[in-house]
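Throughout, read-outs are computed from the coordinates displayed, never taken from laboratory work. Note that the structure is a prediction, hence the values are computed from the model and not measured. Counting neighbours? That spans all protein chains shown, and the Cβs are built from the backbone with ideal geometry, glycine included.
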Amino acid sequence: MTTAEMTVFETMESNVRGYCRDWPTLFDTASGAWLRDSEGRDYLDFFAGAGALNYGHNNPVLKAALLDYIARDGITHGLDMSTVAKRDLLQTIDRVLLTPRGLDHKVQFPGPTGANAVEAALKLARKVTGRTTVLNFTNAFHGMTLGALAVTGNAAKRAGAGVPLSHVNSMPFDGYLDGDELSWMERALDDGSSGVDKPAAVIVETVQGEGGVNVARPQWLRRLAELCSARDILLIVDDVQMGCGRTGPFFSFEVAGITPDIVTLSKSIGGYGLPMALVLMRPELDQWTPGEHNGTFRGNNPAFVTATAALEHFWSDGTLAESTAAKGDRIQRSFTELVDRYPGISTRGRGLVQGLVFDEASEAGKVCHVAFEQGLLVETSGADDEVVKLLPPLTITDDELDHGLGVLAGSVEAVRGGH
Ligand code: PMP
């Protein structure tokens, strides 16, 4: 890439840009688990659009459905008007996702981002319960708009709000205290003198993606669900990043056998990297009045088409969930070798979200940097960016996975060997 090609980004694009600084090349095309830059260099994708490309880039099945739809002049923009594309999607969600899991949740189409789905969920919980406080967890990430930011942990991100972020109490996530984290929450809720007001809802990620691949144990999630239901507190599972099969099953909470009151989905629900989000709510919670939460881009119909194709193609049986679990094990085996070979490294994850955790936080970023130079896209997460977070497309092949894991192992060696 020439300097002239890059100048336009530096001179014109806001300083807020981020990923382009870590991956300084001019990306052009992408297919499956690979991206290609303008000079024909290929990069293996262990990032998958931060979880928005679970089925890979330009997946041929989804592309065909999208091209057909565009060719027949299907509705592109529809607000919340009824369309054939939305009818087909709702029927498919019912048939493929809800009915087989015994769920009867109603489906809301908020604006097409994860943050907008979270805003809608928080607003609904507050409206239905008449309470204002929401409990969140340490290291949580729920988005960049004010409501979602208020339930997000990271201090640097919170500082960007410019106003106080209020009506929230933060609770220790599973593993945060190396002890019995939910005891504090239970005690605070039942003690009229704890200073914690009775909340409208608890919002939780089953695996904290941005927060450092922190995995909640199924028994912890079950106890959390019981704590909430016994006290008439709504449980919101934010499945924006861990849903759509990232951890194995379609919904990340299935591993715990719990039924959240409200679920947020975005990122890969559109299937093709097209913007789309959903809020699922138990029917009795659907107390919205028409248009009470709205947004111009709620009706991204091309995303409905690719979402429908993705649900039909990938979720009509358990094949993808099984292969995701197997590929997660494959990563774990490779990581175990690294952990055995090098001190100061540990690992955690579930399915195809796996983290390599460095005691010396700065090493994680260095590993990602070397990996990029070797043609692998992988990013860090965690409070101190101490975790190399693997988020490959679920459709990645075993050979591709092994290739990327080899690059990663070489990158760790380069960082530890100092070359
Ligand atoms: N919730 C979770 C769990 C997320 O990981 C993210 C994005 N990383 C969001 C919400 C916000 O989604 P968006 O960036 O689409 O607003």
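Brief remarks on what is shown
- Using equal-weight Cα scatterers in the Debye expression, the normalised intensity of region 74-314 in log10 at q = 0.09, 0.11, 0.17 Å⁻¹ is -0.36, -0.54, -1.31.
- Pairwise label distance in nanometres, Ala230 with Ala361, each label 7 Å out on the Cα-Cβ vector: 3.6 nm
- With contacts taken as Cα pairs under 8 Å and at least 6 residues apart, region 177-314 reaches a relative contact order of 17 percent.
- Evaluated over the Cα positions of region 276-375, the convex hull gives a direction-averaged projected area, one quarter of its surface, of 11.2 nm².
- Overall, the chain carries a charge dipole of about 960 debye about its Cα centre when +1 sits on the Cβ of Lys and Arg and -1 on the Cβ of Asp and Glu, all other atoms neutral.
- Taking all pairs of distinct alpha-carbon atoms in the chain, Kirkwood radius in angstrom: 22.2 Å
- Sequence of Leu177, Leu376, Leu182 once ranked by neighbouring C-beta atoms within 10 Å, starting from the fewest: Leu177, Leu182, Leu376
- Footprinting exposure proxy for Met12, Met185 (fewest neighbouring C-beta atoms within 10 Å first): Met12, Met185
- Whole-Hz couplings from phi, Karplus 6.51/-1.76/1.60, listed for region 226-242; x for Gly and Pro: 5, 4, 5, 5, 5, 10, 6, 10, 6, 9, 9, 9, 8, 9, 4, 9, 8
- For region 127-139, putting each phi into the Karplus relation 6.51 cos²θ - 1.76 cosθ + 1.60 with θ = phi - 60° gives couplings of 5, 5, 8, x, 9, 9, 6, 10, 8, 10, 10, 3, 6 Hz, in residue order, rounded to whole numbers and with x for Gly and Pro.
- Tail beyond 21 Å, pair distance distribution of region 326-419 (Cα, percent): 20 percent
- Length-normalised contact order of the chain in % [C-alpha pairs under 8 Å, at least 6 apart]: 23 percent
- The simple spin-label model puts a point 7 Å past each Cα toward its Cβ; for Asp104 and Thr319 those points are separated by 3.3 nm.
- Derived scalar couplings ³J(HN,Hα) [region 364-369; Karplus, 6.51 cos²θ - 1.76 cosθ + 1.60; whole Hz; x for Gly, Pro]: 4, x, 5, 4, 5, 5
- Lys pairs, region 74-314 - Cα-Cα below 30 angstrom, 8 or more residues apart or on other chains: 16
- Kirkwood Rh in Å, taken over all unlike Cα pairs in region 121-243: 14.6 Å
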